[in-house]
Amino acid sequence: MIGTGLAYVSVVVRDVEAVAAILERDFLLTRSNCAIGSTGRQAPVFPVGQSAIALFELGDPFVGGAEKTGVHHMTVSADDPEEAGREAAQCGLMVTSNGPEAGLGGSRRLLLDPKATGGGITYLSEPLVLKDANAGPVERIDHLGVASEDNNVALDVFSR
């Protein structure tokens with residue numbers, strides 16, 4: 001098994017504070033602020049069961065300067081991203097860098113080659129450690145829709 005579950009989903013929004021307020025007020029999610037890589041900046045992150053939702057503004061460098069709103073990338077939890085990257089490579093899912101980069105909250109992450117995942121942006125990352133994890137009425141992220149350039153490739157990757 002390459003990873004142990006969904007660590008977090010990065011969502012790009014027009015107004016981070018407005019969306020954060022909705023998640024807190026209407027969904028009763030607890031906000032944590034996590035360091036964004038080694039930038040000194042922080043992002044609001046909301047634990048949802050064993051996973052989390054992280055919010056980023058349009059154009060944020062952590063999400064590659066994304067110019068569209070919506071889910072930017074998902075991150076698969078792996079205690080050892082390098083080992084998970086080697087396991088992924090054995091399944092034909094190559095990582096795109098020579099080593100891990102700084103992720104959220106001090107974690108290390110590796111990017112899987114988007115060509116190998118059908119165009120979806122997927123990282124292998126150390127688990128996020130968030131206060132109040134599993135708190136609140138929302139128990140889990142049930143599913144994600146993955147828009148891909150090649151649905152057959154995406155189906156093969158995400159079902160294995």
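Quick one: Karplus J couplings for the stretch 3-17, per residue in order, coefficients 6.51, -1.76, 1.60, θ = phi - 60°, nearest Hz, x for Gly and Pro?
Running phi through 6.51 cos²θ - 1.76 cosθ + 1.60 with θ = phi - 60° gives x, 9, x, 7, 6, 7, 10, 9, 10, 9, 10, 6, 9, 4, 5 Hz.
Taking every pair of alpha-carbon atoms in the chain, give the share separated by more than 28 Å as a whole percent.
Cα-Cα pairs in the chain separated by more than 28 Å: 17 percent.
When the accessible area of the chain is split by element with a 1.4 Å probe, what percent falls to carbon and sulfur?
In the chain, the share of accessible area belonging to carbon and sulfur is 51 percent.
Output ³J(HN,Hα) for the stretch 73-79: one whole-Hz value per residue in order, computed from phi by the Karplus curve 6.51 cos²θ - 1.76 cosθ + 1.60 with θ = phi - 60°, and x for Gly and Pro.
8, 10, 10, 8, 6, 9, 4
Express the accessible area of the chain per residue in Å², computed with a 1.4 Å probe while the remaining protein chains stay in the model.
On a per-residue basis, 54 Å².
Which whole-Hz couplings ³J(HN,Hα) result when phi for each residue of the stretch 88-103 is put into the Karplus expression 6.51 cos²θ - 1.76 cosθ + 1.60, θ = phi - 60°, listed in order with x for Gly and Pro?
The phi angles translate into 4, 4, 5, 9, x, 9, 7, 8, 9, 10, 7, x, x, 10, 5, x Hz.
Determine the percent antiparallel among the DSSP beta bridges restricted to the chain, to the nearest 5.
Taking every DSSP beta bridge with both residues in the chain, the antiparallel ones total about 70 percent.
Can you work out the base-10 log of I(q)/I(0) for the stretch 11-85 at q = 0.14, 0.21, 0.27 1/Å, using the Debye formula on its C-alpha atoms alone?
Log-scaled intensity ratios, in q order: -0.48, -1.02, -1.36.
Given the DSSP H assignment, sum -39500 (n - 2.57) over each helix run of at least 4 residues in the chain and divide by its residue total; what's the result at 222 nm in deg cm²/dmol, nearest 500?
Here the helix-only value at 222 nm equals -5500 deg cm²/dmol.
Quick check: the distance between the Cα centres of the stretch 41-92 and the stretch 1-36, to the nearest angstrom?
Measuring centre to centre over Cα atoms gives 11 Å.
State, to one decimal in nm, how far the label point of residue 28 lies from the label point of residue 13, with both points 7 Å from Cα in the Cβ direction.
Placing both labels 7 Å beyond Cα along the Cβ direction yields 1.9 nm.
The values are calculated or read from the model by the stated rules, or taken from the named source; none is laboratory data. The shown structure was predicted, so the numbers you read here are calculated from the model rather than taken from an experiment. Note that each Cβ is placed from the backbone with ideal geometry, even for glycine, and that neighbours are counted across all protein chains shown. With ligands, DNA and RNA removed, areas are computed over all heavy atoms of the protein, side chains included. Shrake-Rupley method; radii C 1.70, N 1.55, O 1.52, S 1.80 Å.
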